[in-house]
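Contents: one structure, followed by commentary.
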Amino acid sequence: MIYLNGKFMPIEEARIPVLDRGFIFGDGVYEVIPVYSRKPFRLAEHLQRLQHSLDGIRLSNPHSDSEWSSLLEQLIDANDSEDQSLYLHVTRGVAKRDHAFPKGVAPTVFIMSNPLLTPPEELLATGVAAITATDNRWLRCDIKAISLLPNVLLRQMAIDSGAMEAVLLRDGFMTEGAASNIFIVKNETLLAPPKNHLMLPGITYDVVLELAATYKIRHEVRAVSEYEVLTADEILLTSSTREIMPITRLDGKPVGNGKPGVIFEVLYSLYQEYKLTVMRGGKAELKAED
Ligand SMILES: Cc1ncc(COP(=O)(O)O)c(C=O)c1O
């Protein structure tokens, strides 16, 4: 079942007019929220980021947090899997094609659920390959916009080279992945680029930094240079659906010794433990970034 503009229905029955501004201009924003044991993970943070994205494109939020929460709960109940990936999407609605914002038009609200498929153990054991690529996106990457053409092209470039992700570099510094945030490890220190307009403020990125602060894993939030990426001891990618994954090959060369590193192993198990605690209704707060 999916949700579209006030109704729940099978996806096959869902229809939107071709003049929807999401279809015509990519004029909308989205969120992807993981659900574990039928509980949305870090929902408040996802809804806060949705608000930030809506503010960024000057579209008013069609729902309050409690309305979103109730819609998502109903959708979770209407789908079979215990673990789900919720995709939530708001566009500026349907109007005659014109770049300028239309007046008095209701936004289109679409939510779907898919089974959440976290990375299989085999992949976590070997790690994945990535390539480096020039970050040629716009300067508002902090908005989770549905217009993802550059990300699509960058990700495909990675796939075409037999890799899974593109690690993006802009002006000599790392920004993020085509569909993930990237951390590196250098001299036993976890390094994360600071949040700014050049990257999406990842929810998983925050969890990783909070875990690092709580469990005293040495870490720094600062600009990470291209040279540091190319000579990193470990590289990790994070996203809501892929959680934390080790990148063990970069541009065809091994990262460190070519195997998932110690910091990955530690963060991965802390992340799994934290997830279980939250799912069982335990304390969700971790120490915020130092
Ligand atoms: C470009 C980009 N950066 C970062 C992320 C990770 O964000 P989150 O951890 O909130 O899923 C994503 C998620 O898909 C993404 O598309």
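The values are calculated or read from the model by the stated rules, or taken from the named source; none is laboratory data. All figures in this text were calculated on a predicted structure; none of them were measured in a lab. Don't worry about glycine lacking a Cβ; one is built from the backbone with ideal geometry, like all the others, and counts go over all protein chains shown.
Go through region 158-197 residue by residue and tally those that are in contact with a Lys or Arg (Cβ under 7 Å, 6 or more places away or on another chain) and assigned to a loop (DSSP other than H, G, I, E, B).
Total meeting the criteria: 6.
Among the residues of region 113-132, how many are assigned to a strand (DSSP E or B) and hydroxyl-bearing (Ser, Thr, Tyr)?
2
Can you say whether Ser37 is in contact with a helix residue (DSSP H, G or I) (Cβ under 7 Å, 6 or more places away or on another chain), free of Cβ contacts under 8 Å to residues at least 60 places away in the same chain and among the small types (Gly, Ala, Ser), as far as the supplied structure shows?
no
For Ser180, only one of the following conditions fails: (1) in contact with a Leu (Cβ under 6 Å, 6 or more places away or on another chain); (2) surrounded by fewer than 23 Cβ atoms within 10 Å (Cβ to Cβ). What is its number?
Single failed check for Ser180: (2).
If I go through region 4-49 residue by residue, how many of them are farther than 21 Å from Pro102 by Cα and either under 21 Å from the mean Cα position of the chain (by Cα) or among the β-branched types (Val, Ile, Thr) (or both)?
Number satisfying all stated conditions: 20.
Quick one: which of Ser85, Ser66, Ser81 is closer than 25 Å to Ser239 by Cβ, more than 16 Å from the ligand (Cβ to nearest atom) and hydroxyl-bearing (Ser, Thr, Tyr)?
Ser81
So which residues in region 133-153 are closer than 21 Å to Ile203 by Cβ and either outside any loop (DSSP other than H, G, I, E, B) or of a type in the set (Ser, Thr, Tyr) (or both)?
Within region 133-153, Ala145, Ser147, Asn151 meet the criteria.
Residues checked against (1) basic (Lys, Arg); (2) on the phi < 0 side of the Ramachandran plot; (3) crowded, with 18+ Cβ neighbours inside 10 Å:
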{"site": "Gly172", "(1), (2), (3)": "no, no, no"}
{"site": "Leu198", "(1), (2), (3)": "no, yes, yes"}
{"site": "Arg222", "(1), (2), (3)": "yes, yes, no"}
{"site": "Ile247", "(1), (2), (3)": "no, yes, yes"}
{"site": "Lys253", "(1), (2), (3)": "yes, yes, no"}
{"site": "Gly261", "(1), (2), (3)": "no, yes, yes"}
{"site": "Val266", "(1), (2), (3)": "no, yes, no"}
{"site": "Leu270", "(1), (2), (3)": "no, yes, yes"}
{"site": "Glu273", "(1), (2), (3)": "no, yes, no"}
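Out of (1) of a type outside the set (Val, Ile, Thr); (2) more than 21 Å from Pro119 (Cα to Cα); (3) crowded, with 20+ Cβ neighbours inside 10 Å, what's the single condition that is false for Glu188?
(3)
Out of everything in region 1-39 that is among the hydroxyl-bearing types (Ser, Thr, Tyr) and within 16 Å of the ligand (Cβ to nearest atom), what residue ends up being farthest from Leu149 (Cα to Cα)?
If we take residues in region 1-39 being among the hydroxyl-bearing types (Ser, Thr, Tyr) and within 16 Å of the ligand (Cβ to nearest atom), then Tyr36 is farthest from Leu149 (Cα to Cα).
What pairs come up if the first residue lies in region 170-197 and is modelled with pLDDT of 95 or more, the second is aromatic (Phe, Trp, Tyr), and their beta carbons are under 6 Å apart, counting only those six or more places apart or on different chains?
What qualifies is Asn181/Tyr205; Leu190/Phe183; Ala192/Phe183.
When you scan region 225-248, do you find a residue that is in a loop (DSSP other than H, G, I, E, B) and over 15 Å from Asn181 (Cβ atoms), even just one?
yes
Would you mind finding the one in Leu139, Leu200 that is at pLDDT 95 or above and touching a strand residue (DSSP E or B) at 6+ places or on another chain (Cβ under 9 Å)?
Among Leu139, Leu200, only Leu200 is at pLDDT 95 or above and touching a strand residue (DSSP E or B) at 6+ places or on another chain (Cβ under 9 Å).
Considering only residues that are in contact with a helix residue (DSSP H, G or I) (Cβ under 8 Å, 6 or more places away or on another chain) and within 11 Å of the ligand (Cβ to nearest atom), which ones fall in region 147-179?
Glu165, Ala166, Leu168, Ala178, Ala179
Within region 224-239, restricting attention to residues that are of a type in the set (S, T, N, Q) and surrounded by 21 or more Cβ atoms within 10 Å (Cβ to Cβ), which residue is nearest to the ligand (Cβ to nearest atom)?
Among those residues, the one meeting the criterion is Ser239.
How many residues are outside any helix (DSSP H, G or I) and within 15 Å of the chain's Cα centre (by Cα) if we restrict to region 198-219?
Looking only at that region, the number is 5.
Could you run through region 82-101 and say how many residues are without any contact (Cβ under 8 Å) to a residue 40 or more places away in the chain and of a type outside the set (Asp, Glu)?
1
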